[in-house]
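Note sheet for the following structure.
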Amino acid sequence: MAAPPRVPRYELHIRPLFRLMDRDAMQWSFDPWSYEQVKGKARAILTRINLEPQNHGLMPPLAAGGPWPPEWVSLFRRWVEADCPRLQLGTGRYEAALADGTLTLTATGEFPAPGYRAWFDRQPSPPGGTRQYLFYFEPPDGAAPPALEPFKVRQEDPVSEPVSRVIVIDAQGAHEIPVRQEVPAL
């Protein structure tokens, strides 16, 4: 028996459907990179992407790549039918270390319930040696009984320029994490 499809989440599955050129073209009406605005217009978007081309349902228009393929329309529909879920910002204790051109970022803490997943999502960062990340929690599909569950999340990112600051944004705000410079063992 096949597992049920994963619950689509805005940040993972819906936001990437909208390209920069789509965003530029839609700014007069709404920002497709804003969860709140897409959620607010979700039914109208769904109607627009479901229309046949002869009924002016081309979204995006042919000159911008043409309409979404059926699997994208289906994904968007499932997201709307699931009441437009999104990821949660998590919380944790963070460490950052730099060695041999690799930035290692670690988070430890407790999930609110079993079945959660967590990861760092690198964001566009200002110049000058700063790296910025969001720390996401994805709740399990379906209800999970509340019970704290320890976690440790580790991410390694190659770096080509010096990194002097790491900022992690989580449910409690922005945190500047000191970067430990590790000397490789000989």
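The values are calculated or read from the model by the stated rules, or taken from the named source; none is laboratory data. Model, not experiment: these values are computed from the prediction. Methodologically, a virtual Cβ is constructed for each residue, glycine included, from the backbone with ideal geometry; neighbour enumeration extends over all protein chains shown. Areas reflect the complete protein model, heavy atoms only, side chains present, ligands, DNA and RNA absent. Shrake-Rupley method; radii C 1.70, N 1.55, O 1.52, S 1.80 Å.
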For this session: Run down Glu182, Glu138 and say which single residue is loosely packed, with under 13 Cβ neighbours inside 10 Å and out of contact with any helix residue (DSSP H, G or I) (no Cβ under 6 Å at 6 or more places or on another chain).
Result: Glu182
For this session: Kindly check whether there is at least one residue in the stretch 92-103 that is surrounded by 14 or more Cβ atoms within 10 Å (Cβ to Cβ) and in contact with a helix residue (DSSP H, G or I) (Cβ under 9 Å, 6 or more places away or on another chain).
Result: no
For this session: Six or more apart or on different chains, Cβ under 8 Å: which pairs go from a residue in the stretch 55-84 that's within 14 Å of Ala25 (Cα to Cα) and outside any loop (DSSP other than H, G, I, E, B) to one that's open to solvent by 80 Å² or more (accessible area, probe 1.4 Å) and at pLDDT 75 or above? Could you list them?
Result: Ala64/Met21
For this session: Find all pairs meeting these conditions: Cβ atoms under 9 angstrom apart; at least six residues apart or on different chains; first residue within the stretch 9-25 and closer than 12 Å to Phe76 by Cβ; second residue open to solvent by 70 Å² or more (accessible area, probe 1.4 Å) and of a type outside the set (S, T, N, Q).
Result: Tyr10/Lys39; Tyr10/Arg86; His13/Arg6; His13/Arg78; Ile14/Arg86; Arg15/Trp33; Leu17/Trp72; Phe18/Trp33
For this session: Within the stretch 77-107, track down each residue that is among the basic types (Lys, Arg) and under 21 Å from Asp141 (Cβ atoms).
Result: Arg77, Arg78, Arg86
Exercise. Of all residues in the stretch 104-119 being open to solvent by less than 40 Å² (accessible area, probe 1.4 Å) and among the small types (Gly, Ala, Ser), which is modelled with the lowest pLDDT?
Worked result: Ala113
For this session: Find the residue count for the stretch 120-133, including only residues that are surrounded by fewer than 17 Cβ atoms within 10 Å (Cβ to Cβ) and touching a Leu at 6+ places or on another chain (Cβ under 9 Å).
Result: 3
Exercise. Residue check, Pro146 against (1) more than 20 Å from Asp100 (Cα to Cα); (2) assigned to a strand (DSSP E or B); (3) not charged (D, E, K, R), all met but one. Which one?
Worked result: (2)
For this session: Answer yes or no as to whether Thr106 is under 17 Å from Phe135 (Cα atoms) and part of a loop (DSSP other than H, G, I, E, B).
Result: no
